[in-house]
Amino acid sequence: MSEPAASAGQPRVGFFTDTSLCIGCKACEVACKEWNGVPDDPLGFAESSYDHGDGLGPNRWRHVAFVEQEPMFDHEGLRWLMASDVCKHCTHAACLDVCPTGALFRTELGTVVVQEDVCNGCGYCVPACPFGVLSRREEDGRVWKCTLCYDRTSAGMEPACAKACPTDSIQYGELEVLRVRAAERVEQLRERGESSARLYGEDPGDGVGGFGAFFLLLDDPEVYGLPPDPVATTRDLPGMWGAAAAAAGALAAGIAAALLTGPKPR
Amino acid sequence: MNTGPEPGSGPLQDRRSRSYYGRPVIAAPVWTWEVPVYLFAGGLAGASAGLAFASEVGGHDVLARRAWGVAGVAITACPPLLVSDLGRPERFLNMMRVFKVTSPMSVGSWLLAAAGTATGAAAASRLLAPRRGGSLASALERIGSPAAPAAAVLGMPLATYTGVLLANTAVPVWHEARRELPFLFAAGAAASAGAAATAITPAAHAGPARRLALGAAIAEMAIDRAMRRRLGPLAATYESGPPARWHRAAVTLLTAGAATLAASGRRAGPASARAGRLRNPRRAAAPGGRPLAVAGAALTLGGALATRFAVFRAGFASAEDPAQTVAPQRARAAAA
C-alpha cells in the first residue's frame, strides 16, 4: 500500500474543510478553475437545488454540495448544509495503488497528483477511488483531479480555493496543525449546542489511513454524498492474489482431470 | 435499494434521507465493451495454452495442435482490445514504465506481454514448423520446447488475474465477490477453451476438450450461484436491467451448451473407440455427433462471454446505486 512521504523532511500538508462555515458562494470552484485552467462544464441546476454541478469530476476539482433538508419538527426551520468537496489525498490512496503507469504519484508534500504527460487513460483509478473523485475527461482521454495546487503549494503558497474562500471554511496548512484546530472547532460547536458536528476523515485508523483533506460535517457523510466508511481495497489484495493463485491451480487441475479421465490416445 | 427522493420531489430532502439526491457515491467505470471481451479472450487464450500443452504431454497430438491454434488466435486479440479501451491508446507503452504488484492492471500487462510472447512462439512452432522444412522449421522447433510449457504456466494466471482486476475496486458488487471472481473466470476460461477445441477437433480426438467444456460449464454456473449467495442484497444488481439480461443469457446458454455437449459426447463415444482403429477419424464420427458438438461448443462459448458481460454490467449498476456503497459500510461501522 502506498505511504505518504514521511522521509522527505517536509511536513505533510492538506485541507481542513469546515462545512459549518460554508456559505455556498462557490468562490472555491471558480478560483480552482481559473488557477488550474480547468475547462468549462455544462451549466444546469441539479434537483432544483443551488447545486449546479454533477459532483467532482475531471472538469470540477472543488464542488459545493447543497443539502436542503425539510423541517423535521414544526419548530425547526429549513436546514441548509453546504459543503465544498475535494479530492481527499488519502494516506492509503487506492488510485495511486492501482495506477499501472505511475502517472499518479505522491508528492514530497504528501499529496496525490496525476502527471498528465504520463496518464494513458486506462481508467483503473476511476472505480478504485472510494469517493468517486477521479474520472476521465472526454475530450482528451486522461483523468484529472485536484492537485492541491501542486504548483502553488510547492512554492510555499496556499491553494487557490483556500485563498479565495471568504469564510475560511477551506483551511490549508500542515496536517498536524489542522487536526488540532479541527478538534478544537468541533468541541466549540458542541458546546454551543451543535451536537451533530463531527469530523470526517481525520482518523489515521480509518480504511484509507486518514484523509489529507478532511472535513467537519453537520450530518452523516452519506447525506453529503460521501461514503461513511471508505476503504482502499488494496488492503485486501494479498487475499485476492491468493484467490487468483488458487483459481489458477484449480484451472490447471481441471485441465489435467479432463485429460486423465478419458481413454488413452493411440 | 435506492434511498434517494422520488423524482420530481423538489429540492427538499427528508431529514432521514441517507443520500445526496440519490446520486452515486463512487464513480462508475469508464471501461467499454472491449474489457469484457478481453476478459473472455484472455481466459480463452490462457486455458487453451494449458489444454494444448497438457494434451501434448498426454499424447493427444491432434487436439494439442487445434488448442494451440485457438490460444494463438485468442491471445492475438487481447492487446488490440486493451489498447483501444485506453483514453490515450498511443500511450499504451506507458504500461511498461513500472511494475506494481498493488496494481492488478500492471501485473496483468506484464503477464499478458509474457504469456503473449510464449503463446505466440509456441503456437507458431507447433503449427508452422511441421509444414516447413529447413532452418526455419528447426528454429521454430527449438523455440517451441521452452515456449510451450511457459505459455501453459503463464496462461493459468492470465485466466484468473482478471478477477482481481475487477475486485480491487470500490465497486461493491465486484469487491465483495473477490473470493469467487477468480474462480468464476477460471471456470469460464476452461469452458470456452474446451468448447473452442471441441468445435474444431475431429470427434474421435476431442474427448478431453469436451469433458473440460462440460465440467467447466457446470462449475461456472455453480460458482456464479455461490458468488450471488455471498453478495446477499448486493446481488440485486444481477436481477434487473442489462446485467440481468446478460445473466439470464449466460445461464441459458451454458445450460444448453452443457446439455448439447453431453449429448454429442454420447454419440461420439462409441465412434471414437472405432475411430481409434480407422485411418480417417473425421469420417468415423457418428452421424449427427459433429454438428451437435459444434452447436454445444458455440452455446458454451456464448455462455462464457455472456457471464463476463453480466459481471461487467453489474459493476456499473452497483456503482450507480448509492445504497450499494453506503449500506454495507454502515453495517460494517455498526458491527465494529
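Provide a whole-number value for the mean count of partner chain Cβ atoms within 10 Å of the Cβ atoms in peptide A:51-58.
Average per residue, whole number: 2.
Cut-off under 23 Å on the C-alpha distance; same-chain residues fewer than 8 positions from residue A:33 excluded. Which lysines are left, in chain and number order?
A:88, A:145, A:163
So how strong a dipole does the protein assembly as shown carry about its Cα centre when Lys and Arg Cβ are +1 and Asp and Glu Cβ are -1, to the nearest 20 debye?
4560
Return the average number of partner chain Cβ atoms within 10 angstrom of each residue Cβ along peptide B:171-184.
Neighbouring Cβ atoms belonging to other protein chains average 4 per residue here.
Given a cut-off of under 8 Å on Cα pairs at least six residues apart, what relative contact order in percent is computed for segment A:73-143?
26
Using Cα springs under 10 Å in a Gaussian network model of chain A, which residue among A:178, A:43, A:109 shows the largest mean-square fluctuation?
Answer for the Gaussian network model of chain A: A:43.
Set Lys and Arg Cβ to +1 and Asp and Glu Cβ to -1, take the dipole of the protein assembly as shown about its Cα centre, and tell me which of A:214, A:161, B:171 lies farthest positive.
Result: B:171.
So who's got an amide H within less than 5 Å of the one on residue A:64, skipping anything under 5 residues away but keeping other chains? H placed 1.01 Å off N, in plane.
Residues meeting the amide H criterion: A:85.
Tell me, B:143, B:223 in order of fewest to most beta-carbon neighbours within 10 Å?
In order of increasing Cβ crowding within 10 Å: B:143, B:223.
Running a GNM on chain A with Cα contacts under 10 Å, which residue among A:128, A:256, A:162 ends up with the highest mean-square fluctuation?
A:256
Indicate the helices, whole DSSP H runs only, in chain A that combine a mean Kyte-Doolittle hydropathy of 1.0 or more with a Cα extent along their long axis of 20 angstrom or more.
Helices meeting the criterion: A:237-260.
At 222 nm, what helix-only mean residue ellipticity would chain B give, in deg cm²/dmol to the nearest 500, using -39500 (n - 2.57) for each DSSP H run of four or more?
Estimated from H runs of four or more residues: -25000 deg cm²/dmol.
Amide H of residue A:55: which non-local residues (sequence gap of 5 or more, or other chain) have their own amide H closer than 5 Å, using H built in the peptide plane?
Counting only residues 5 or more places away or on other chains, the set is empty.
Taking θ = phi - 60°, what integer Hz values does the Karplus form 6.51 cos²θ - 1.76 cosθ + 1.60 yield along segment B:219-224, in sequence order, with x for Gly and Pro?
3J(HN,Hα) across segment B:219-224, in whole Hz: 4, 4, 5, 5, 5, 4.
How far apart, in nm, are the 7 Å Cα→Cβ label points at residue A:191 and residue A:264?
Here the answer is 8.9 nm between the modelled labels.
Which of the aspartates and glutamates could be linked to residue B:100 by a straight reach, that is with a Cα gap under 13 Å, when you skip same-chain ones fewer than 8 residues away?
Candidates past the 8-residue exclusion: A:97.
Give the list, by residue number, of cysteines in the protein assembly as shown with no other Cys Cβ closer than 4.7 Å, or say none.
Cys with no partner Cβ under 4.7 Å: A:22, A:25, A:32, A:90, A:99, A:119, A:122, A:129, A:149, A:165, B:78.
Within 10 Å, count the other beta carbons around each residue, average over each peptide in A:149-155, B:57-63, B:201-207, A:242-248, and list them highest first.
Packing proxy ranking, top to bottom: B:201-207, A:242-248, B:57-63, A:149-155.
With contacts defined as alpha carbon pairs under 8 Å and 6 or more residues apart, what's the relative contact order of chain B in percent?
Relative contact order here is 22 percent.
What FRET efficiency, computed as 1/(1 + (r/R0)^6) with R0 = 51 Å and r the Cβ-Cβ distance, is obtained for residue B:117 and residue B:332, rounded to the nearest 0.05?
The pair residue B:117/residue B:332 has a calculated efficiency of 0.75.
Any read-out appearing in this document is the output of simple, stated calculations on the displayed coordinates, not a laboratory observation. Because the structure is predicted, anything quoted here is derived from the model rather than measured. Here the Cβ is made from the backbone with ideal geometry for all residues, glycine too, and neighbour counts use every protein chain on show.
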